[in-house]
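Enquirer: I'd like to ask some things about the structure below.
The values are calculated or read from the model by the stated rules, or taken from the named source; none is laboratory data. Treat the numbers as computed from the prediction; the structure is a model and nothing was measured. Don't worry about glycine lacking a Cβ; one is built from the backbone with ideal geometry, like all the others, and counts go over all protein chains shown.
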Amino acid sequence: MTHIERALAVAQAQGVARTRDFVTAGVPRVYLKRLVEDGRLSQVGRGLYRPNDVSLPTTSSLAEAARVVPNGVIALLSALRFHGLTTQAPHAVWLLIGTRAWTPVNPPMRLKIVRASGPSLTEGVETHDIDGVTVPITSPAKTVVDCFKYRRRVGLDVALEALRDFMKDSARRRQRDALWRYAEIDRVQTVIRPYLEALS
């Protein structure tokens with residue numbers, strides 16, 4: 001394969017590829033600039049590229065954020081939007097990361113970083129394939145509970161809307177035990193109990 005063919009293959013395989021993905025595949029950086037100038041690649045952020053013949057869904061920013069912050073988990077408003085549990089349209093990608101985890105200095109998109117640790121960070125995380133990128137996202141139940149834990153950041157009204165939408169869905173309604181388990185992990189049982197009882 002030529003360098004150009006190899007670069008396009010990497011971009012197609014990754015969906016959103018980092019510069020180091022191309023370098024690892026043996027593609028000199030100069031070819032990335034050429035492919036952007038030729039219109040075959042788009043630079044969607046610093047060191048982030050995608051093929052132009054791929055139609056990106058509205059969730060593409062989640063894939064880009066997962067590339068930029070590989071130790072982060074899509075959460076809160078961004079996870080609510082992904083799971084269809086809010087009418088809010090977040091203007092940034094919300095991420096849970098470890099208390100001492102590194103964060104990018106000049107990310108290519110607006111990020112809202114929330115620090116967490118232990119089970120609050122690791123429990124209730126699903127993985128979804130978005131644009132060929134494996135993206136960790138909090139589950140619907142964990143996302144709702146997290147909104148109560150971080151209600152001062154997202155607003156209690158957002159948390160209540162998410163809980164109402166969660167409980168409207170019969171399949172999700174049967175996951176009440178999961179809500180309680182995550183409420184214990186996040187230590188918000190007393191906060192969420194009256195609202196959950198009112199909707200039961």
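Enquirer: Name the residue, out of 100, 20, that is within 17 Å of residue 4 (Cα to Cα), charged (D, E, K, R) and at pLDDT below 95.
Expert: 20
Enquirer: What helices (runs of 4 or more DSSP H), lying completely within region 57-174, carry at least 1 residues that are among the basic types (Lys, Arg), touching a Leu at 6+ places or on another chain (Cβ under 8 Å) and not assigned by TED's automatic domain parsing to the domain that holds residue 18?
Expert: Once the helices (runs of 4 or more DSSP H) in region 57-174 are filtered for at least 1 residues that are among the basic types (Lys, Arg), touching a Leu at 6+ places or on another chain (Cβ under 8 Å) and not assigned by TED's automatic domain parsing to the domain that holds residue 18, what remains is 60-68, 151-154, 156-168.
Enquirer: So for region 158-166 (the condition being without any contact (Cβ under 8 Å) to a residue 40 or more places away in the chain and loosely packed, with under 14 Cβ neighbours inside 10 Å), does at least one residue qualify?
Expert: No.
Enquirer: Then there is this: Just to be sure before I move on: is residue 66 out of contact with any helix residue (DSSP H, G or I) (no Cβ under 9 Å at 6 or more places or on another chain) and under 19 Å from residue 132 (Cβ atoms) in the structure I sent?
Expert: yes
Enquirer: Could you tell me whether any residue of region 127-136 is closer than 23 Å to residue 194 by Cα, buried (at least 18 other Cβ atoms within 10 Å of the Cβ) and touching a residue at least 40 places away in the same chain (Cβ under 8 Å)?
Expert: At the first step, the residues of region 127-136 found to be closer than 23 Å to residue 194 by Cα are none.
No, because not a single residue in region 127-136 is closer than 23 Å to residue 194 by Cα, buried (at least 18 other Cβ atoms within 10 Å of the Cβ) and touching a residue at least 40 places away in the same chain (Cβ under 8 Å).
Enquirer: Which of the numbered conditions does residue 124 fail, given that it passes all the others? Conditions: (1) out of contact with any strand residue (DSSP E or B) (no Cβ under 8 Å at 6 or more places or on another chain); (2) in contact (Cβ under 8 Å) with a residue 40 or more places away in the chain; (3) of a type outside the set (Asp, Glu); (4) under 19 Å from residue 86 (Cβ atoms).
Expert: Unmet for residue 124, out of (1) out of contact with any strand residue (DSSP E or B) (no Cβ under 8 Å at 6 or more places or on another chain); (2) in contact (Cβ under 8 Å) with a residue 40 or more places away in the chain; (3) of a type outside the set (Asp, Glu); (4) under 19 Å from residue 86 (Cβ atoms): (1).
Enquirer: Please determine, by comparing only the residues of region 186-200 that are surrounded by 10 or more Cβ atoms within 10 Å (Cβ to Cβ) and not charged (D, E, K, R), which one is farthest from the chain's Cα centre (by Cα).
Expert: Here the answer is 198.
Enquirer: Now for a different question. Being closer than 12 Å to residue 4 by Cα and surrounded by fewer than 16 Cβ atoms within 10 Å (Cβ to Cβ) is the filter here; which residues of region 26-39 pass it?
Expert: Initial filter on region 26-39 (closer than 12 Å to residue 4 by Cα): 26-36, 38.
26, 28, 29, 30, 33, 34, 36, 38 - these are the residues of region 26-39 that are closer than 12 Å to residue 4 by Cα and surrounded by fewer than 16 Cβ atoms within 10 Å (Cβ to Cβ).
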